[in-house]
Amino acid sequence: MEQLHVETPSRSYPVYIGEGIRHQAVRLLEPVLKGKSRVLIFSDANVASLYGDEVKAALEAFHPVSFFSIEAGESSKSLEGYEKGLTACMEEHLDRQSVIIALGGGVIGDLAGFVAATYMRGIAFVQMPTTLLAQDSSVGGKTGINHPLGKNLIGAFYQPEAVIYDTETLVSLPDKEWRSGFAEMIKHAYIKDPEFLAWLKENVQSVDAMKKDTLRRFLKRSIAIKADIVKEDEKESGVRAFLNFGHTLGHALEKVSGYGDMTHGEAVAAGMIFSMKLSNYLQLSDWNIKEEASWLEKLGYDVEAPSAFSPAELMEAIKNDKKVQAGELAFVLVESPGRPFLQKVRESDVLDLLTEMKKGGVKYD
Ligand SMILES: NC(=O)c1ccc[n+]([C@@H]2O[C@H](COP(=O)([O-])OP(=O)(O)OC[C@H]3O[C@@H](n4cnc5c(N)ncnc54)[C@H](O)[C@@H]3O)[C@@H](O)[C@H]2O)c1
Ligand SMILES: [Zn+2]
C-alpha cells in the first residue's frame with residue numbers, strides 16, 4: 001500500500017492507494033470513525049452491486065451503517081440527486097457526528113461530498129474512489145452538482161477526512177471509463193510534469209497499457225501533482241485554475257452532448273487539443289498539434305469532437321461556464337509541457353477557431 005498526505009489550509013488527510021484495501025477500510029478509517037454515531041455509504045447502482053455489500057459488511061461489524069445508492073451517471077449529479085441524497089440522510093437519522101462514505105466515481109464523490117458539506121452545515125466524509133478518473137476528483141475538496149445551465153455551478157470546497165483508493169476495484173471498469181480517467185492524468189502531466197508526460201507517451205499507447213502493473217506508480221504521481229497544486233491554492237485563486245486545462249471547451253462539449261454521451265475525460269481530451277490550437281492561433285505557442293493529437297487519437301479519443309456541434313451552440317455553453325469572468329473568456333493555455341498560463345481570450349477568436357474546425361480546416365500540422 002502506498003500512502004500520500006494532502007495538506008490544505010482547511011484540512012490535512014491521508015490518501016491510501018493499494019490493491020484490495022477496501023477490505024481494510026475499518027482499520028484505515030479508525031481515526032475518522034472513532035466516536036462517530038453512524039455511517040452512511042453513498043454509492044451508485046453499478047458500484048453498489050459490485051462492491052456495496054463487501055464494504056457495508058466490513059464496516060457493519062463495528063458501526064451502525066446505512067446504505068444509499070442512486071442511479072449511475074452524470075444525470076444524478078443534479079439538484080434532484082442532491083435532494084434525494086439529503087432525504088436519505090434525514091431518513092437514516094444522520095446527525096452531526098455521522099460520516100458519509102462516497103463509494104464510487106467522480107459523480108458520487110462530487111455529489112456525496114456536497115451533501116456532506118451542507119447537511120447540518122457539514123458532516124464528515126470519506127472518499128472511496130472506484131474509477132480511474134477519481135484519482136483527480138477524490139483529492140482536493142471540490143464538491144458539487146450541475147445545473148441545467150452549466151456544469152459544477154453549484155458546490156462547495158469541502159475536504160474529505162481520508163481517501164481510500166482500492167486499485168482492485170478498477171478491474172471492473174469499462175474501457176471508456178479508463179479512457180476518461182486517463183485524460184485527467186494526461187492533463188496533470190501537461191500542466192506540471194514534462195518528464196511524466198514523456199513517460200506516459202512512451203509507455204501508454206493503448207487502453208490495455210493503462211491497466212498494466214505500472215498503474216499504481218503513475219496513479220500516485222498523478223495524485224501527488226494534484227495534491228501539490230491544492231496545497232498551494234486550495235480555493236482556486238491562483239495555480240489551481242491550471243487544473244482547468246481543457247475544461248472550458250470540455251464542459252461545453254459535455255453540456256451540448258447532453259451530459260453522459262461523452263465522458264468527462266473524453267470531453268477534456270478534446271478540450272486540451274482545442275486549447276493547444278487556440279494558443280497556436282493566438283501565436284502564444286508552437287505546438288505540433290498533429291503529433292499531440294495523434295497520441296490521443298491512438299488512445300481512442302475523438303479530438304475533433306467540437307466539429308460535430310454548431311460553433312454558436314458551443315460558444316453559448318462556454319459563456320455559461322463559471323470560468324468566464326467579466327465577459328472575458330479565461331482559458332488555461334499551455335506554452336509547452338509544464339508551463340501553463342491563464343489567458344483572456346476574445347469571444348470572436350474562439351468562435352473563429354470553432355468555425356474553422358467545423359469546416360474541417362485548422363489542423364496546424
Ligand atoms: N471534484 C473534482 O475535483 C473533480 C475532478 C474531475 C472530475 N470531476 C467530476 O467527476 C465526474 C466524473 O467522474 P467519473 O468519470 O468517475 O464518473 P462516474 O462516477 O459516473 O463513473 C463512471 C461510470 O463507471 C461506473 N463505475 C464506477 N466505478 C466502477 C467500477 N469500479 N467498476 C465498474 N463500473 C464502475 C459508474 O457507475 C458510472 O457508470 C464528473 O462529474 C466530473 O465533473 C470532479
Ligand atoms: Zn475534470
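The values are calculated or read from the model by the stated rules, or taken from the named source; none is laboratory data. As the structure is a computational prediction, the values presented were derived from the model and not from experiment. With ideal geometry, Cβ positions are generated from the backbone for all residues, glycine too; neighbour counts draw on all protein chains shown.
How many of the residues making up segment 20-37 are assigned to a loop (DSSP other than H, G, I, E, B) and touching a strand residue (DSSP E or B) at 6+ places or on another chain (Cβ under 7 Å)? Number satisfying all stated conditions: 3. Restricted to segment 103-116, and to residues that are over 12 Å from Cys89 (Cβ atoms) and among the small types (Gly, Ala, Ser), which residue is nearest to the chain's Cα centre (by Cα)? Among them, the one singled out is Gly106.
Within segment 109-132, the set of residues being of a type outside the set (S, T, N, Q) and under 17 Å from Leu29 (Cβ atoms) comprises Gly109, Ala112, Gly113, Ala116, Ile123, Ala124, Phe125, Val126, Met128, Pro129. Per this entry, Lys142 is not counted among residues that are in the same structural domain as Phe62 (by TED's automatic domain parsing), touching a strand residue (DSSP E or B) at 6+ places or on another chain (Cβ under 9 Å), without any contact (Cβ under 8 Å) to a residue 40 or more places away in the chain and over 30 Å from Phe274 (Cα atoms). Checked across segment 139-149, the condition of being under 15 Å from the mean Cα position of the chain (by Cα), in a strand (DSSP E or B) and more than 16 Å from ligand 2 (Cβ to nearest atom) holds for no residue. Say we look at segment 253-263 and pick out the residues that are in contact with a strand residue (DSSP E or B) (Cβ under 9 Å, 6 or more places away or on another chain) and in a helix (DSSP H, G or I); which of these is farthest from ligand 2 (Cβ to nearest atom)? Looking at the filtered set, the residue picked out is Lys255.
Being modelled with pLDDT of 95 or more, surrounded by fewer than 22 Cβ atoms within 10 Å (Cβ to Cβ) and within 20 Å of Val47 (Cβ to Cβ) is the requirement here; does Gly144 meet it? For Gly144, the condition - modelled with pLDDT of 95 or more, surrounded by fewer than 22 Cβ atoms within 10 Å (Cβ to Cβ) and within 20 Å of Val47 (Cβ to Cβ) - is met. Among the residues making up segment 248-284, those that are within 12 Å of ligand 1 (Cβ to nearest atom) and either among the β-branched types (Val, Ile, Thr) or modelled with pLDDT under 95 (or both) are His251, Glu254, Lys255, Tyr259, Gly260, Met262, Thr263, His264, Val268. When segment 228-238 is limited to residues that are within 16 Å of ligand 2 (Cβ to nearest atom) and in a helix (DSSP H, G or I), the one that is farthest from Gln159 (Cα to Cα) turns out to be Ile229. Scanning segment 60-82 for residues that are polar (S, T, N, Q) and within 14 Å of ligand 1 (Cβ to nearest atom) returns Ser69, Ser75, Ser76, Ser78.
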